[in-house]
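Report on the structure given below.
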């Protein structure tokens, strides 16, 4: 369905479209999308009757080329946005809804270089977000560092959790280091950490976990918020030894990956994300054949 | 004969921090990808030999490396084919298989020959179809499902079949 850009709707509130609800669900999960913008706005764990407003969207940081504070540019070794606030890829998405007995999915098209499919299979206890980003346009001479960000009302008191190689979970505290007195000079990059398989936030009762299908940079830059960096395309070398910017030749790469979102009670969340992360890491392999081969054992 | 050494060696080279974190020059990153791809080939032969031995029949096994962008020449053209799903986990899993297919209806049977529910959906931002069916795969084991095109039935017919007009 083609949804009018938010700006036009705001300018004439009287003609807001009928607020038909856009949802997908299975036995365990229910997800709602804003009928004006097509963005994910709510997730419900039906088993535990847990409802959490979760707004997910794609943003991009404008890569620094050095400024008055420091000549350091963003590059292969260094992530350094030129401002704290990222820019929205799009306020709204063109959506298409697919519902069959075996899958319910919402296809979201944010721009020519950013789309996503939010998917639920029967029996699945997580929401699958298959994102496709790229080729990142750099015609405006701005390097871009693209993130997927989840915003919730959870009061997380500056804390978030990231894993180390899928085993140990480490507690992270914004603008803080446990082993030395941190003088935070990079409010964004200084709070980014490696995420090998998962990142989560909790208010002690409810936990929102995002599983990744590859290592990414991630953080929680404000309470209730989680972000993961999915793709980068930069125009300057960061003077740390590579001697060239992180800039693929030609049109540039497009990347497809998946984020699995789990909403749980904090005390039962671990069993959910640990078992699912194992299934993700050791996913089945598919091999095809035309069939009708000759027997392997002569007899 | 198959061989996993080239892939092992490629993975060994890729322990370098440049490969892990992407801090190499572009041509080096391209070479890392080349080494990995070169290692896949002989490994796929090794896997095929193992599958032939365990499944008891010598097949021309095909590995579709671009399933994540709905590309697989075999499943998109063959009228019937087998799908072997290997589960490396130490516990049984149910897994939704998604395969790009031609515009037809398909019948999917499980290893015991029982027909399992399947669907054909349009892949995102393209007009490609994907066949979906849920596979149950044993721990550290594999299951072989067979897929057959239903003759005469095309996807269009199913989707645009005129609904019987309700009697007024």
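Rule-based calculations on the coordinates, nothing more; no lab input. Treat the numbers as computed from the prediction; the structure is a model and nothing was measured. So basically every Cβ, Gly included, is an ideal-geometry build from the backbone, and we count neighbours across all protein chains shown.
Over the alpha-carbon set of the range A:22-76, divide Rg by the Kirkwood Rh and report the Rg/Rh ratio to two decimals. Kindly include the intermediate steps, with their values, before the conclusion.
Values: Rg = 19.0 Å, Rh = 14.2 Å.
Expressed as Rg/Rh, it is 1.34.
Within 10 Å of the Cβ of each residue in A:242-249, the mean number of Cβ atoms contributed by other protein chains is 3.
Taken over the range A:46-169, the ratio of Cα radius of gyration to 2.2 N^0.38 Å equals 1.31. Largest first, the three principal axis extents of the alpha carbons in the range B:1-51 are 38, 16, 13 Å in whole numbers. Relative to the longest principal axis of the Cα atoms of chain B, helix B:26-55 runs at roughly 60 degrees. Starting from the eigenvalues of the Cα gyration tensor, five times each then square-rooted, give me the equivalent ellipsoid semi-axes of the protein assembly as shown, largest first, whole Å. Equivalent ellipsoid of the protein assembly as shown: 38, 30, 22 Å, largest first. Over all distinct Cα-Cα pairs of the range A:120-237, the Kirkwood formula returns a hydrodynamic radius of 15.7 Å. Using C-alpha pairs below 8 Å separated by at least 6 residues, the relative contact order for chain B is 20 percent. Shielding value for B:50-63 is 4, the average number of Cβ atoms from other chains within 10 Å of each residue's Cβ. With contacts taken as Cα pairs under 8 Å at a separation of at least 6 residues, chain A carries a relative contact order of 17 percent.
Taken as Cα centroids, the range A:199-272 and the range B:1-39 sit 23 Å apart, rounded to the nearest whole angstrom. Once you order the gyration tensor axes a ≥ b ≥ c over the Cα atoms, which shape class does the range B:10-81 get: rounded for a/c under 1.5, otherwise prolate or oblate by comparing a/b with b/c? Judged from the Cα gyration tensor, the range B:10-81 comes out oblate (a/c at least 1.5, b/c at or above a/b). Both numbers refer to the Cα atoms of the range A:255-294; Rg and Dmax are 16.7, 54 Å.
Defining a contact as two alpha carbons under 8 Å apart and six or more residues distant in sequence, what relative contact order in percent does the range B:1-86 show?
On the way: 55 pairs, mean separation 26.7, N = 86.
Rounded, it is 31 percent for the range B:1-86.
Would any residue of the range A:229-243 have its amide N under 16 Å from a label point 7 Å out along Cα→Cβ of residue B:27? List them or say none. Residues passing the 16 Å test: A:242-243.
Within the P(r) computed for the range A:225-299, what percentage of the Cα pairs occupies the region above 14 Å?
Details: 2221 of 2775 pairs.
In whole percent, the long-distance tail amounts to 80.
Given only helices, namely DSSP H runs of n ≥ 4 each adding -39500 (n - 2.57), what is the per-residue ellipticity at 222 nm of chain A, to the nearest 500 deg cm²/dmol? Could the numbers behind the result be given before it?
Details: 2 runs with 19 residues, N = 299.
Theoretical 222 nm ellipticity from helices: -2000 deg cm²/dmol.
On alpha-carbon atoms, Rg over Rh for the range B:39-137 using Kirkwood Rh? With Rg and the Kirkwood Rh in hand, the quotient comes to 0.96.
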